[in-house]
């Protein structure tokens with residue numbers, strides 16, 4: 001049933017439904033990583049499975065600090081312990097590409113600056129960057145329908161249909177056109193695969209009330225120059 005009746009969904013389920021809705025333009029993993037990043041940034045309110053209790057980022061930090069080395073980063077006591085460039089005995093210059101995050105073991109030394117910097121750094125990590133013992137906790141994270149509504153509004157995303165009823169906003173307006181423009185920017189990447197008219201049909205599936213002139217405006221400003229040529233772009237076969 002669309003929209004889904006549940007008032008709370010896991011971030012994993014949201015990512016899966018959202019990716020399917022936009023025809024895998026972004027994968028489930030990419031969307032989940034964005035939602036996880038938004039949790040660390042504080043732009044998405046995340047809860048437990050019931051939706052009743054908001055998950056505290058600070059509490060997650062306390063759990064996270066127990067594991068000092070993760071696949072994608074390493075927790076360290078202070079910035080002074082970072083040695084980015086080192087000269088080997090052979091004379092070669094060794095560059096350390098490890099992602100370091102300052103998070104002391106002793107929580108009493110966690111200043112606001114230390115914690116805030118850790119959030120910023122963690123927001124750049126993907127799910128795969130965390131230790132296997134930590135990942136199940138992230139899989140259990142959820143959010144409410146209203147929290148996702150606020151999140152989409154803040155970022156200018158159209159509300160995903162899998163969780164929000166269509167047709168609440170009647171009539172075409174600037175906000176609707178802005179949403180359609182954001183949607184089409186996600187489409188207009190890579191090689192053009194069909195004619196403008198076919199993309200117009202696809203747009204009408206997403207926005208049934210879109211006027212033809214509105215689509216023409218979006219096409220003229222968002223579609224890459226090569227796309228605005230007649231018909232699909234056909235690349236010559238490699239010689």
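Quick notes on this structure:
- Subset of region 97-109 [without any contact (Cβ under 8 Å) to a residue 40 or more places away in the chain and in a loop (DSSP other than H, G, I, E, B)]: 97, 98, 99, 104, 106
- Going through (1) surrounded by fewer than 17 Cβ atoms within 10 Å (Cβ to Cβ); (2) free of Cβ contacts under 8 Å to residues at least 60 places away in the same chain one by one, residue 140 falls short only on (2).
- If you go through region 113-139 and keep only what is assigned to a loop (DSSP other than H, G, I, E, B) and within 30 Å of residue 179 (Cα to Cα), you end up with 123, 124, 125, 126.
- Filter result for residue 14 (under 20 Å from residue 101 (Cα atoms) and touching a helix residue (DSSP H, G or I) at 6+ places or on another chain (Cβ under 8 Å)): no
- If you go through region 76-95 and keep only what is assigned to a loop (DSSP other than H, G, I, E, B), at pLDDT below 80 and surrounded by 11 or more Cβ atoms within 10 Å (Cβ to Cβ), you end up with just 82.
The values are calculated or read from the model by the stated rules, or taken from the named source; none is laboratory data. Computed from a predicted model, the values in this text were never measured in an experiment. Cβ sites come from the backbone with ideal geometry, for glycine too, and all protein chains shown count toward neighbours.
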